[in-house]
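A.B. asks: Once you've had a glance at the structure underneath, I'll fire off some questions.
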Amino acid sequence: MDEPYFWYVLYVRTNAEQRVMKDLSQAYAKRGFGYGFEPFCPESEIYYRGKQARQLGKQYRKRPLFPNYVFVETQMPSDEFLKEFSAYVYNSPDIVRVLHYGGSSNIALDDGERKRFEYLFKGKRCLERSEGYIVGDKVTITAGPLVGQEGLITYVNRHNRLAVITVEMFGGKIEAKVALEIVQKTEA
């Protein structure tokens, strides 16, 4: 999408992400704006160790990275987005609210936060699995989107091949579960 563009974030009811994305796309298409418009729900690969997953060879599956959140990428300025979609957001049984920064009226995700997400997603809208090793208590990532982002990791569960990361969004912190394969653990 050409510059400038914005990411708006909607907080939605549980398991309503796909429905909200479809409804937003239809509402946008009916109005025929001259802006690019793409609702999406960032995903993460998660390890499943069930027997069926092993038999099918699909041990990693995608699931929402931030459950209950739908992102909208568009070139539409904030004031116009609110003007055009406020009635839709208010009348939708699935959308709880549009996120914004504290007491301000700024609803677009900050450029720094947006760029960090874009770096993690690598243009795929999915946070793929990473690989690394542990020496003592220190995690080092050797492959995947978390390379150089070790400071985001708050918890590692080696057996479930899972890491919990904490990222900033709208001035607050939010946790997300991502796939992390620890290939070696040694004591310091």
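A.B. asks: Checking residue 44 against (1) exposed (fewer than 14 other Cβ atoms within 10 Å of the Cβ); (2) closer than 30 Å to residue 145 by Cα, which test does it fail?
C.D. replies: Evaluating residue 44 over (1) exposed (fewer than 14 other Cβ atoms within 10 Å of the Cβ); (2) closer than 30 Å to residue 145 by Cα leaves (1) as the failure.
A.B. asks: Only residues that are surrounded by 19 or more Cβ atoms within 10 Å (Cβ to Cβ) and of a type outside the set (Phe, Trp, Tyr): list them for the range 22-41, please.
C.D. replies: 24, 39, 41
A.B. asks: Next question. Among the residues of the range 55-68, is any free of Cβ contacts under 8 Å to residues at least 40 places away in the same chain, out of contact with any helix residue (DSSP H, G or I) (no Cβ under 6 Å at 6 or more places or on another chain), in a loop (DSSP other than H, G, I, E, B) and surrounded by fewer than 15 Cβ atoms within 10 Å (Cβ to Cβ)?
C.D. replies: The answer is yes; a qualifying residue exists.
A.B. asks: Within the range 129-188, how many residues turn out to be open to solvent by 80 Å² or more (accessible area, probe 1.4 Å), among the acidic types (Asp, Glu) and at pLDDT below 90?
C.D. replies: 3
A.B. asks: Can you pull out the residues in the range 1-21 that are touching a helix residue (DSSP H, G or I) at 6+ places or on another chain (Cβ under 9 Å), closer than 17 Å to residue 64 by Cβ and open to solvent by 20 Å² or more (accessible area, probe 1.4 Å)?
C.D. replies: Within the range 1-21, 13 is the sole residue that qualifies.
A.B. asks: Under the condition of being assigned to a helix (DSSP H, G or I) and touching a residue at least 60 places away in the same chain (Cβ under 8 Å), which residue from the range 101-122 is farthest from residue 147 (Cα to Cα)?
C.D. replies: Here the residue is 114.
A.B. asks: Ok, one more. Hey, can you tell me all the residues within the range 127-172 that are part of a strand (DSSP E or B), more than 14 Å from the chain's Cα centre (by Cα) and charged (D, E, K, R)?
C.D. replies: Those that are part of a strand (DSSP E or B), more than 14 Å from the chain's Cα centre (by Cα) and charged (D, E, K, R): 131, 138.
A.B. asks: Being part of a loop (DSSP other than H, G, I, E, B) and either out of contact with any strand residue (DSSP E or B) (no Cβ under 6 Å at 6 or more places or on another chain) or surrounded by 13 or more Cβ atoms within 10 Å (Cβ to Cβ) (or both): is that true of residue 86 here?
C.D. replies: No.
The values are calculated or read from the model by the stated rules, or taken from the named source; none is laboratory data. Please read all numbers here as calculations on a predicted model, not as lab measurements. Neighbour counts run over all protein chains shown; Cβ positions are idealised from the backbone, glycine included. Side chains are part of the model used for accessible areas, which takes the heavy atoms of the whole protein and leaves out ligands, DNA and RNA. Shrake-Rupley method; radii C 1.70, N 1.55, O 1.52, S 1.80 Å.
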